[in-house]
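Below is one structure, written out as structure tokens, with a few remarks after it.
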Amino acid sequence: MNNQQNTTNINYYPGHMHKTKKDIKNIISNIDIVIEVIDSRIPFSSRIPDLKNIINGKKSIIVFNKYDLCDESITNKWMEKYKNEGSIVITSDAKNSNDYKKVIEEVKSLMIDINNKRSLKGLLPKKAKCLIMGVPNVGKSTLINKLIGKSVLDVGNKPGVTKRLNVVKINEYMDLVDTPGILWPKFENKEVALNLASMTIIKEEVLTVEEVAIHILEKLNDYYKDLLKQEFGIEEYTSDNIEECFIKISKYKNIPIKDEVDYERISMIILNSMKQEKIKKITFDRI
Ligand code: G4P
């Protein structure tokens, strides 16, 4: 794909995203650690490109969430890459596991230096104030709920912070700053937009369902032919045989074909297979 084809005029950057960014810039000086949650199936596309500017040198942890849904062999390469670039990375299945404990462990270890210095001055250890950020639907709320558990007693403004923050107590080591850490990736790249739509991170109305469905078929054809066969009953997908493939999928899914194949309906079925996690062990971003 050349650059011309690879760019898109999608300009989906709603106003509230600007506001969130501004809110975060206002409070960032009070934050100790930023926890960036990403989707392990798209470790590049689900990152926030200008996060570095927003967090202004704060310590950060990248949580590779939905790790249960990814192709570990590929996703691990991204983890290595980010690690080599100096990031702290954690894998997480926030839905079905206790991986949130890894987050607490990393937070604790990131605070060791600060707390050693405090201890030399006779000060008590500082609790880390953490901010969770990420694009929509990567599992931030699920992770936050796990971290909060049932033991949360105190939600609300705490005194002693210059700009008043809503702080949620997690445990003796960390607090969460309760701010809508939802941000949008600035996607000028169509591949990124299609990857985000495939994982229902951006809504279908930004791209057509057919476009997104075809992108999913292309990726499965390129990397996961067995899943193409298993989930949709087709051996191969190419742009030359779209109609033939959609007819085969209709038959495989018992969708009657009247005058012609219902592209929209089949496309929704393809998208829903992703949404409902029928298609697993996949990673679309490649290094
Ligand atoms: P967000 O705050 O970042 O927007 O994401 P949220 O926690 O709402 O999670 C979005 C969806 O992803 C939810 O599914 C949630 O259960 C699922 N999810 C979160 N973390 C993981 C994970 O590590 N692995 C898997 N497999 N799924 C995860 P949903 O269908 O929208 O809601 P629900 O039916 O599960 O409640």
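Restricting the range 19-60 to residues that are open to solvent by 70 Å² or more (accessible area, probe 1.4 Å) and assigned to a loop (DSSP other than H, G, I, E, B) leaves a set whose member that is modelled with the lowest pLDDT is Pro49. In the range 242-261, the condition of being modelled with pLDDT under 95, under 29 Å from the mean Cα position of the chain (by Cα), exposed (fewer than 14 other Cβ atoms within 10 Å of the Cβ) and among the β-branched types (Val, Ile, Thr) is met by no residue. Count of the range 262-287 residues, restricted to those that are more than 16 Å from Asn221 (Cβ to Cβ), of a type in the set (Val, Ile, Thr) and under 18 Å from the mean Cα position of the chain (by Cα), is 1. For the range 167-194, the candidate set comprises residues that are closer than 19 Å to Lys22 by Cα and in contact with a strand residue (DSSP E or B) (Cβ under 9 Å, 6 or more places away or on another chain); within that set, the residue that is modelled with the highest pLDDT is Leu176.
The values are calculated or read from the model by the stated rules, or taken from the named source; none is laboratory data. These numbers come from a predicted model, not from an experiment. When we count neighbours, we look across all protein chains shown, and the Cβ atoms used for this are built from the backbone with ideal geometry, even at glycine. These area figures cover heavy atoms from the full protein model, side chains too; ligands, DNA and RNA do not enter into them. Shrake-Rupley method; radii C 1.70, N 1.55, O 1.52, S 1.80 Å.
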